[in-house]
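**Q** Got a structure for you, written out below as structure tokens; questions coming shortly.
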Number of protein chains: 2
Amino acid sequence: MRDVAERAGVGIKTVSRVVNGEPGVAAATAERVNRAARELHFQPDPFAGNLRRSVRRTQSIGLLLSSVDNPYCAAVHRAVEDVAESRGVSVLSASSDEDPQRERALVGTFVSRRVDGLILSATGGDQAYLRPEMDAGTPVVAVDRAPVGIDVDSVVVDNVAGARGATAHLLRRGHRRIAHLGDLSMIATATQRLDGFRQAAAEAGVPADDQLVVQDLHTVELAFDATFRLLRSDDPPTALFTSQNLVTIGAIRALRSLGMQHDVAVVGFDDFALADLLDPAVTVVAQDPVAIGRAAAERVFARLEDRSLPSTQTVLATRLVVRGSGEIAPRRRGSA
Amino acid sequence: MRDVAERAGVGIKTVSRVVNGEPGVAAATAERVNRAARELHFQPDPFAGNLRRSVRRTQSIGLLLSSVDNPYCAAVHRAVEDVAESRGVSVLSASSDEDPQRERALVGTFVSRRVDGLILSATGGDQAYLRPEMDAGTPVVAVDRAPVGIDVDSVVVDNVAGARGATAHLLRRGHRRIAHLGDLSMIATATQRLDGFRQAAAEAGVPADDQLVVQDLHTVELAFDATFRLLRSDDPPTALFTSQNLVTIGAIRALRSLGMQHDVAVVGFDDFALADLLDPAVTVVAQDPVAIGRAAAERVFARLEDRSLPSTQTVLATRLVVRGSGEIAPRRRGSA
DNA sequence: TTGAAAGCGCTAACAT
DNA sequence: ATGTTAGCGCTTTCAA
């Protein structure tokens, strides 16, 4: 910067003014400075400036999701990126793999990088470790699931209602033996979806059967195995309510491997690509990950502008997308 | 840091030594410093240090893909993240949407953030603007497609061979009217895949028919429309070779809407989730995005350790995954 | 083994 | 409209 000043024959502060577009510089002077900067390939160092600046901003936010490789997360990610990009902010992303230790470590690296804000999909662990950071003024927004131990802005869907609706949909078709295939019980959304499932069953007067609830299925393979076992049991379910994307796919693969995809109803939480092209097409409780990501990012920036904002809980609705698999009628026992 | 030094009753440099794990500090002193640091919630500022340090590292790399929301890109992304994370490096990601201007702007923000390395999937534009950056020693690695105007490390698949193989597969089944549905012709891989297609046809002595080559299909919708039109034409193709993920899906949707999915053969470039569950299951030329991402990231770090490395072109093979759609026999003309 | 002084590239606060 | 000086939080250099 000093070199630029010298070359332009001005003081160093004038260069600073020109580079930052501050007022109070004659047009001719600014032009000389700009030329000198160009000639010297001058690239201002944003970090050095931050050192002295009163309001420090790194123009970056941290985004922690289950995995950037998951379609749901990827859609959230893109929406966050778009909002951030429109404000000239970069996104640091990372994948927690639902591991609380990993989550904490990754948040730690984000914090040490002085991100301006943090968006995270909380794992099962406790997020109280974020307290000091929040007290220091860093906006933290939870997506998909609310964290434990801290009070933050969150953007989630109404999982209980969505699950209840899905289950009620199956009950309405006459199903009485409905199985629930759940995600990791550590994850808040998984528990809520199970709650919704149970509520709907109770409301319909269908007795709970713990044999029909399988939890902690976090991969296609685990869901496949669990479904396979369930359908091979003495008193198999006539319908399945799956709590997530990968679980739904695992269940469908199991049904197909048994040739039962037209005999057992399936409603899945989360929409997924090509769900409409399968046979039967898959009925799902759809969320809008783009809206979720956008809302979360906007919340970060709103709080960045006014740190005193009260924390808000944004709850988006889900939408039942009827496609066929959820409308299969129950088979009478023994008629298979 | 000064506060910590004072509290521990040592000099500031000693604190610096302890924090950075440098040798030459008595164990007892180090212990006192660590305690003081903990008590004051001391968080070293990595950027301030970089200011004076000789070998500046931000411990971050920039990753520019078509879109983080694309399954192929997301898989590459995750692989890059894993390699980076194992080295304590964060990933800044962004989506170019195949727009050269956007690419340049996003690379600009990465560069101004002083990323230690850059991985990018080049858009159709010229990447010569990266020259100064590379001369300055920043490792740049191209994924998926080689850039234009600069000589960099690249990790790609053999698109020509893959496309040739796919086309030959269709020719072997007796198809003579094979259409090619191509991605944006600006994108290097799209051109290469078209080349492979043409080579295979020429080798088999099948005359080229420009009516059967449609380019610049970058979305499901465009591919749908193009496929629809093609099949409705006077002399429709009996087989389709689609150059990419989204194009394949668009083509399949078009075939279905015409009820022709069992009559027209399809081989797609890029594998995609659930391709095996569709009816017919989709034959594809599969790449391994995880291997690609990993190789690219490893190349960045290798070059970071030795900037004088010659640039290498890593070409991974593709694999034809036979599932059904590509094995449909040609329909005799007029027999539909 | 330890510390003092200088300075990285920049901005804040105050000149002029 | 422009420049000067101090100092951000750290590392480097060099001396003790």
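**Q** Does B:Ala273 satisfy the condition of being part of a helix (DSSP H, G or I) and among the small types (Gly, Ala, Ser)? Lay out the reasoning, then the answer.
**A** Numbers: part of a helix (DSSP H, G or I): no; among the small types (Gly, Ala, Ser): yes.
Considered against the rule, which asks whether it is part of a helix (DSSP H, G or I) and among the small types (Gly, Ala, Ser), B:Ala273 comes out as no.
**Q** Of these, B:Val10, B:Val4, B:Val25, which one is more than 14 Å from every other protein chain (Cβ to nearest Cβ), within 12 Å of DNA strand C (Cβ to nearest atom) and either part of a helix (DSSP H, G or I) or touching a residue at least 60 places away in the same chain (Cβ under 8 Å) (or both)? So that I can check it myself, show each step before the final result.
**A** Details: B:Val10 fails: either part of a helix (DSSP H, G or I) or touching a residue at least 60 places away in the same chain (Cβ under 8 Å) (or both); B:Val25 fails: either part of a helix (DSSP H, G or I) or touching a residue at least 60 places away in the same chain (Cβ under 8 Å) (or both).
Residue meeting the stated conditions: B:Val4.
**Q** Of all residues in the range A:254-270, how many are hydroxyl-bearing (Ser, Thr, Tyr) and within 30 Å of the chain's Cα centre (by Cα)? Talk me through it step by step, then tell me what you get.
**A** Within the range A:254-270, the subset hydroxyl-bearing (Ser, Thr, Tyr) is A:257.
Restricting the remaining residues to those that are within 30 Å of the chain's Cα centre (by Cα) gives none.
Count: 0.
**Q** Could you list, in sequence order, all residues of the range B:28-45 that are touching a residue at least 12 places away in the same chain (Cβ under 8 Å) and in a loop (DSSP other than H, G, I, E, B)? Give the steps one after another, and end with the answer.
**A** Within the range B:28-45, the first condition is being touching a residue at least 12 places away in the same chain (Cβ under 8 Å), and the residues that meet it are B:29-30, B:32-37, B:39-40, B:42, B:44.
Correct list: B:Leu40, B:Phe42, B:Pro44.
**Q** For the range A:62-73, check the following and say yes or no: at least one residue is in contact (Cβ under 8 Å) with a residue 24 or more places away in the chain, away from DNA strand C (no atom under 14 Å from the Cβ) and aromatic (Phe, Trp, Tyr).
**A** Here is the first cut: in the range A:62-73, the ones in contact (Cβ under 8 Å) with a residue 24 or more places away in the chain are A:62-73.
Remaining after also requiring away from DNA strand C (no atom under 14 Å from the Cβ): A:62-73.
Then keep just the ones that are aromatic (Phe, Trp, Tyr); that gives A:72.
Checked the range A:62-73: at least one residue is in contact (Cβ under 8 Å) with a residue 24 or more places away in the chain, away from DNA strand C (no atom under 14 Å from the Cβ) and aromatic (Phe, Trp, Tyr).
**Q** Of everything in the range B:33-71, what is more than 16 Å from DNA strand D (Cβ to nearest atom) and either among the polar types (S, T, N, Q) or in contact with a Pro (Cβ under 8 Å, 6 or more places away or on another chain) (or both)? Give them in sequence order.
**A** B:Ser60, B:Ser66, B:Ser67, B:Asn70, B:Pro71 - these are the residues of the range B:33-71 that are more than 16 Å from DNA strand D (Cβ to nearest atom) and either among the polar types (S, T, N, Q) or in contact with a Pro (Cβ under 8 Å, 6 or more places away or on another chain) (or both).
**Q** Considering only the range B:97-104, I want to know if a residue exists there that is within 13 Å of chain A (Cβ to nearest Cβ) and more than 23 Å from A:Arg38 (Cα to Cα).
**A** Yes, the conditions are met somewhere in the range B:97-104.
**Q** In the range B:84-108, how many are polar (S, T, N, Q) and touching a helix residue (DSSP H, G or I) at 6+ places or on another chain (Cβ under 9 Å)? Break it down into steps so the answer makes sense when it comes.
**A** First, the residues of the range B:84-108 that are polar (S, T, N, Q): B:86, B:90, B:93, B:95-96, B:101.
Add one more test, that the residue is touching a helix residue (DSSP H, G or I) at 6+ places or on another chain (Cβ under 9 Å), and what stays is B:90, B:93, B:95-96.
The qualifying residues number 4.
**Q** Of the numbered conditions (1) small (Gly, Ala, Ser); (2) more than 7 Å from DNA strand C (Cβ to nearest atom); (3) more than 11 Å from every other protein chain (Cβ to nearest Cβ), A:Ser54 satisfies every one except a single condition; which is it?
**A** Status for A:Ser54: all satisfied but (2).
**Q** Another one. Being at pLDDT 95 or above and among the acidic types (Asp, Glu) narrows it down to one of B:Glu305, B:Glu327, so name that one. I'd like the intermediate steps shown before the answer.
**A** Working: B:Glu305 fails: at pLDDT 95 or above.
Sole residue among the options that is at pLDDT 95 or above and among the acidic types (Asp, Glu): B:Glu327.
**Q** Here is a follow-up. State yes or no: is A:Val300 outside any loop (DSSP other than H, G, I, E, B), farther than 30 Å from A:Asp153 by Cβ, within 23 Å of the chain's Cα centre (by Cα) and at pLDDT 95 or above? Before you say what the answer is, go through the steps one by one.
**A** Values: outside any loop (DSSP other than H, G, I, E, B): yes; farther than 30 Å from A:Asp153 by Cβ: no; within 23 Å of the chain's Cα centre (by Cα): yes; at pLDDT 95 or above: yes.
Criteria not met by A:Val300.
**Q** I'm trying to understand the selection: among the residues of the range B:28-50, which are of a type in the set (Lys, Arg) and either near DNA strand C (Cβ under 10 Å from one of its atoms) or surrounded by 15 or more Cβ atoms within 10 Å (Cβ to Cβ) (or both)? Spell out the reasoning first.
**A** In the first step, residues of the range B:28-50 are kept if they are of a type in the set (Lys, Arg); the result is B:32, B:35, B:38.
B:Arg32 - this is the single residue of the range B:28-50 that is of a type in the set (Lys, Arg) and either near DNA strand C (Cβ under 10 Å from one of its atoms) or surrounded by 15 or more Cβ atoms within 10 Å (Cβ to Cβ) (or both).
**Q** Please state which of the following conditions A:Val91 fails to meet, knowing it meets all the rest: (1) more than 10 Å from DNA strand C (Cβ to nearest atom); (2) in a helix (DSSP H, G or I).
**A** Answer for A:Val91: the failing condition is (2).
**Q** While we're looking at this one, here's another question. When the range A:14-27 is examined, which residues are found to be within 7 Å of DNA strand D (Cβ to nearest atom) and surrounded by 12 or more Cβ atoms within 10 Å (Cβ to Cβ)? Please lay out each step first, then the result.
**A** Looking only at the range A:14-27, we keep the residues that are within 7 Å of DNA strand D (Cβ to nearest atom), and these are A:14, A:17, A:23-26.
Those that are within 7 Å of DNA strand D (Cβ to nearest atom) and surrounded by 12 or more Cβ atoms within 10 Å (Cβ to Cβ): A:Thr14, A:Arg17, A:Val25.
**Q** Please verify whether B:Val141 is touching an Asp or Glu at 6+ places or on another chain (Cβ under 8 Å), touching a residue at least 40 places away in the same chain (Cβ under 8 Å) and not assigned by the TED database to the domain that holds B:Ala239, treating the condition exactly as stated.
**A** Details: touching an Asp or Glu at 6+ places or on another chain (Cβ under 8 Å): yes; touching a residue at least 40 places away in the same chain (Cβ under 8 Å): yes; not assigned by the TED database to the domain that holds B:Ala239: yes.
Considered against the rule, which asks whether it is touching an Asp or Glu at 6+ places or on another chain (Cβ under 8 Å), touching a residue at least 40 places away in the same chain (Cβ under 8 Å) and not assigned by the TED database to the domain that holds B:Ala239, B:Val141 comes out as yes.
**Q** Where residues in the range B:183-239 are among the hydroxyl-bearing types (Ser, Thr, Tyr) and more than 17 Å from B:Ile249 (Cβ to Cβ), which of them is farthest from the chain's Cα centre (by Cα)? Can you show your working first?
**A** First pass over the range B:183-239, keeping only residues among the hydroxyl-bearing types (Ser, Thr, Tyr): B:185, B:189, B:191, B:219, B:227, B:233, B:238.
Restricting the remaining residues to those that are more than 17 Å from B:Ile249 (Cβ to Cβ) gives B:185, B:189, B:191, B:233, B:238.
Numbers: B:Ser185: 17, B:Thr189: 11, B:Thr191: 16, B:Ser233: 35, B:Thr238: 31 Å.
Restricting to residues being among the hydroxyl-bearing types (Ser, Thr, Tyr) and more than 17 Å from B:Ile249 (Cβ to Cβ), the top hit is B:Ser233.
**Q** Please work out if A:Ala30 is within 10 Å of DNA strand D (Cβ to nearest atom) and more than 9 Å from chain B (Cβ to nearest Cβ).
**A** Numbers: within 10 Å of DNA strand D (Cβ to nearest atom): yes; more than 9 Å from chain B (Cβ to nearest Cβ): yes.
In short, yes.
**Q** Do we find that A:Gly259 is in a loop (DSSP other than H, G, I, E, B) and not assigned by the TED database to the domain that holds A:Asp135 in this structure? Even if it seems obvious, please write down each step before you answer.
**A** Values: in a loop (DSSP other than H, G, I, E, B): yes; not assigned by the TED database to the domain that holds A:Asp135: yes.
In short, yes.
**Q** Only one of (1) of a type outside the set (A, V, I, L, M, F, W, C); (2) in contact with a Phe, Trp or Tyr (Cβ under 6 Å, 6 or more places away or on another chain); (3) closer than 19 Å to A:Gly324 by Cβ fails for A:Gly259. Which number is that?
**A** (2)
**Q** For B:Thr191, which of the numbered conditions (1) more than 30 Å from B:Thr312 (Cβ to Cβ); (2) of a type in the set (Val, Ile, Thr); (3) surrounded by fewer than 21 Cβ atoms within 10 Å (Cβ to Cβ) fails to hold?
**A** Unmet for B:Thr191, out of (1) more than 30 Å from B:Thr312 (Cβ to Cβ); (2) of a type in the set (Val, Ile, Thr); (3) surrounded by fewer than 21 Cβ atoms within 10 Å (Cβ to Cβ): (1).
**Q** Looking only at the range A:80-93, how many residues end up being at the interface with chain B (Cβ under 9 Å from one of its Cβ atoms) and either surrounded by 24 or more Cβ atoms within 10 Å (Cβ to Cβ) or among the polar types (S, T, N, Q) (or both)?
**A** 4
**Q** How many residues does the range A:61-79 contain that are within 7 Å of another protein chain (Cβ to nearest Cβ) and aliphatic (A, V, I, L, M)?
**A** First pass over the range A:61-79, keeping only residues within 7 Å of another protein chain (Cβ to nearest Cβ): A:67-69, A:71, A:74-75, A:77-78.
Retained after the next criterion (residues that are aliphatic (A, V, I, L, M)): A:68, A:74-75.
So the count comes out to 3.
**Q** Are any residues in the range B:233-247 in contact (Cβ under 8 Å) with a residue 24 or more places away in the chain and in a loop (DSSP other than H, G, I, E, B), and if so, which ones? Break it down into steps so the answer makes sense when it comes.
**A** Here is the first cut: in the range B:233-247, the ones in contact (Cβ under 8 Å) with a residue 24 or more places away in the chain are B:235-247.
Once the filter is applied, which keeps residues that are in contact (Cβ under 8 Å) with a residue 24 or more places away in the chain and in a loop (DSSP other than H, G, I, E, B), the range B:233-247 yields B:Asp235, B:Pro236, B:Pro237, B:Thr238, B:Ser243, B:Gln244.
The values are calculated or read from the model by the stated rules, or taken from the named source; none is laboratory data. This one's a predicted model, so the numbers in the text were calculated from it and none came from an experiment. Cβ sites come from the backbone with ideal geometry, for glycine too, and all protein chains shown count toward neighbours.
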